Amino acid sequence: MVRFVGRRRELADLDRVLAEIGAAANDPRPGRCLVLRGRRRIGKSALIEEFVGRADVPHVYFTAEIGIGEEPLAEFVRAVGESTIPDADVFDEATPGNWAAALRQLAGILPADRPSVVVLDEVPYLMDEQGAFESVLQRSWDRELSRKPVLLLLIGSDLSMMEALTSYGRPFHQRATEMAIGPLNPADVATMTGLDAADAIDAALVTGGLPVICARWQHGEDLWSFLARELADPFSPLSASARLSLASEFPDRAQARIVLAAIGSGERTFTNIARAAGISQSTLVRAAQLLVEKRVMAADLPISLSPSKERRYRITDPYLRFWFAFLGPHLAEIDRMRSDLILERIRGGWSSWRGRAVEPLVRDSLARLLPAAGLPAAPAVGGYWTRSNDVEIDIVGADREPIARRLLFLGSIKWLETSPFDRRGLAALQRHRDRLTGDPVPLVCVSRSGVTATGLDASFGPADLLEPWRT
């Protein structure tokens, strides 16, 4: 059995809400509803199963599925009948004929004097364009469910649909609080893999913090041993998870997958992505809009004191970024049991790929870490670049983005095993600062292997980057 790791903040938040419901059990409407959204295979269901197991309160857990088993209503009735809700056997005596009757019947058997939990997992499978299920759920919540001390958890992997569930104009608007579930953070990956800070960050870049992949990492195992073993297994989640996620999220959107493949190959600008993908710019606009809406892709602008149109695109999920760069284009080699070819290809491109892939993680960690080492907290932490890349600054801290009123600090990232940040790196950073601003903005660096240069205002290493995730 896989040990449950991390999610301390999420579990604490859920415990707090459940305690508030229990304290308000005698109020007219003690019920609370949370909408949990997060991409597929991120561990949402495992989190809630851990929560209800620890809470030890009556609960029902229903997962909607398409094309599997019975009709969803019949599956829901069965889930209630097998739940720990008192008097659940009433569903055996009187089977409801529709969702309105089923939810009303459920509300009737929920305890009135103590908290309970009702989980509806994969809610998007129950939703339609007309909002029929949402309307039924809204009426049931307003009239019956919210009058009981119940925590209703609505879970879904389609981010745009889950956001639409509570948006203005939809039936369930203002009836729930949203809770975003992300991957395991780098500190949790370190705990799960037993690695030191630097190697744990590498593991986070490869696994994306997906629990199903992290669970395969043997405690203390180095990156190359893990990759050799997992790539040799054609059924490993390392190679299979991306295929499953893409098939579920973009079943009829081949252009979206083509665009992701182009970005994964190293293209970052609109024109180059369209050329590499072999699609028109209008097609790319539509595909990019879909990918951004689903939080799979980000379109970044440089942070500077003046406007810029030099937008760059990246895959937001580190695991998908790794998969599209090294695995996706060569799945046939895994099928032919030639994982050795893929492993050699990863070795050859690892330093270059990792140097770029670690940048978003570094910026996110700094945003969480600061203020520290004499640097202020920064509302915006990003980067700066020009069209020709003659000026490229890895880290830009500012008071806002993308057009800043004030630059707070500038920095460089050097993520190599044996090369510290030296005086040449500092000289290059100073030259690029002079091209961006004439002010003596503080200079920082983030280095995997330490710093030998003197004259920096602050420097950070792998352990520093993990610290804010542990707090």
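The values are calculated or read from the model by the stated rules, or taken from the named source; none is laboratory data. All of these numbers come straight from a predicted model, not from anything done at the bench. Quick reminder, even Gly has a Cβ in these numbers, built from the backbone with ideal geometry, and neighbours come from all protein chains shown. Side chains are part of the model used for accessible areas, which takes the heavy atoms of the whole protein and leaves out ligands, DNA and RNA. Shrake-Rupley method; radii C 1.70, N 1.55, O 1.52, S 1.80 Å.
Remarks
- In a reduced charge model with +1 at each Lys and Arg Cβ and -1 at each Asp and Glu Cβ, the range 321-471 shows a dipole moment near 140 debye about its Cα centre.
- For the range 240-295, averaging the sequence separation of C-alpha pairs within contact (under 8 Å, six or more residues apart) and dividing by the residue count gives a relative contact order of 32 percent.
- Taking the protein heavy atoms of the range 216-268 in the context of the full set of protein chains, the accessible area attributed to carbon and sulfur is 54 percent at 1.4 Å.
- Contact order normalised by residue count of the chain, Cα under 8 Å, 6+ apart, percent: 12 percent
- A DSSP coil position with no more than 10 other Cβ atoms inside 10 Å describes the following GluC sites (Glu not before Pro) in the range 109-149: Glu129.
- Relative to the Cα centre, the charge distribution of the range 163-218, modelled as +1 at Lys and Arg Cβ and -1 at Asp and Glu Cβ, gives a dipole magnitude of about 360 debye.
- Carbon + sulfur, % of accessible area of the range 320-439 - ligands and nucleic acids excluded, 1.4 Å: 47 percent
- Contact order relative to length of the range 177-258, as percent, for alpha carbon pairs under 8 angstrom and 6 or more apart: 23 percent
- Within the range 149-254, the chymotrypsin sites (Phe, Trp or Tyr not before Pro) that combine a DSSP coil assignment with at most 13 other C-beta atoms in a 10 angstrom radius are Tyr168, Phe235.
- Accessible surface area normalised per residue over the chain is 45 Å², counting heavy atoms of protein chains with a 1.4 Å rolling probe.
- Virtual paramagnetic centre 7 Å along Cα→Cβ of Ala24, amide N under 15 Å, in the range 152-180: 152-153, 174-178
- Scattering curve values for the range 388-450, log₁₀ I(q)/I(0), Debye with Cα scatterers, q = 0.20, 0.23 Å⁻¹: -0.79, -0.98
- Length available on full extension from Arg347 to Arg253: 0.36 nm per residue minus the Cα-Cα distance, which gives 30.7 nm.
- Summarising the overall dimensions of the range 193-282 from its C-alpha atoms, the Rg and Dmax are 16.1, 48 angstrom.
- Formal net charge of residues neighbouring Gln105 (Cβ-Cβ distance under 11 Å; K, R +1; D, E -1): -2
- Normalised Debye scattering of the range 107-164 at q = 0.14, 0.20, 0.27 Å⁻¹ gives log10 I(q)/I(0) of -0.43, -0.80, -1.14, counting only Cα atoms as equal scatterers and leaving out solvent.
- Ordered by solvent-accessible area of protein heavy atoms (1.4 Å probe), largest first, the residues Lys44, Lys309, Lys148 come out as Lys309, Lys148, Lys44.
- Extension gain (nm, one decimal) between Thr418 and Ala132, 0.36 nm per residue minus Cα-Cα: 97.0 nm
- Its residue count N fixes a reference of 2.2 N^0.38 Å for the chain, and the Cα radius of gyration divided by that reference is 1.08.
- In summary, the range 1-152 shows an alpha-carbon radius of gyration equal to 1.03 times the 2.2 N^0.38 Å reference for compact globular proteins.
- Look at the dipole of the chain built from charges on Cβ: of Ala380, Gly38, Gly6, the Cα furthest out on the positive end belongs to Ala380.
- If you take the alpha carbon atoms of the range 305-433 and fit the smallest convex hull around them, that volume is 139 Å³ per residue.
- Scaled against the 2.2 N^0.38 Å expected of a compact globular protein of N residues, the Cα radius of gyration of the range 269-332 reads 1.25.
- Sum of -39500 (n - 2.57) over DSSP H runs of 4+, divided by residues of the chain (222 nm, nearest 500): -13500 deg cm²/dmol
- Two-decimal Rg/Rh across the range 211-333, once Rg and the Kirkwood Rh are taken from alpha-carbon atoms: 1.03
- Listed residues Ala197, Val117, Gly461: farthest to the positive end of the dipole of the chain (Cβ charges): Gly461
- The candidates Thr63, Thr95, arranged from most to least accessible area with a 1.4 Å probe in the full protein assembly, appear as Thr95, Thr63.
- Anisotropy class of the range 361-471 from Cα gyration tensor, a/c 1.5 cut: oblate
- Surface composition of the range 10-67: carbon plus sulfur atoms hold 44% of the accessible area, using a 1.4 angstrom probe and ignoring ligands, DNA and RNA.
- Here the chain is treated with +1 on each Lys and Arg Cβ and -1 on each Asp and Glu Cβ, and its dipole about the Cα centre works out to around 1700 debye.
- Among 333-342, 108-117, sorting by the average number of other beta carbon atoms lying within 10 angstrom of each residue, highest first, gives 108-117, 333-342.
- Fraction of alpha-carbon pairs over 14 Å apart in the range 16-71 - percent: 69 percent
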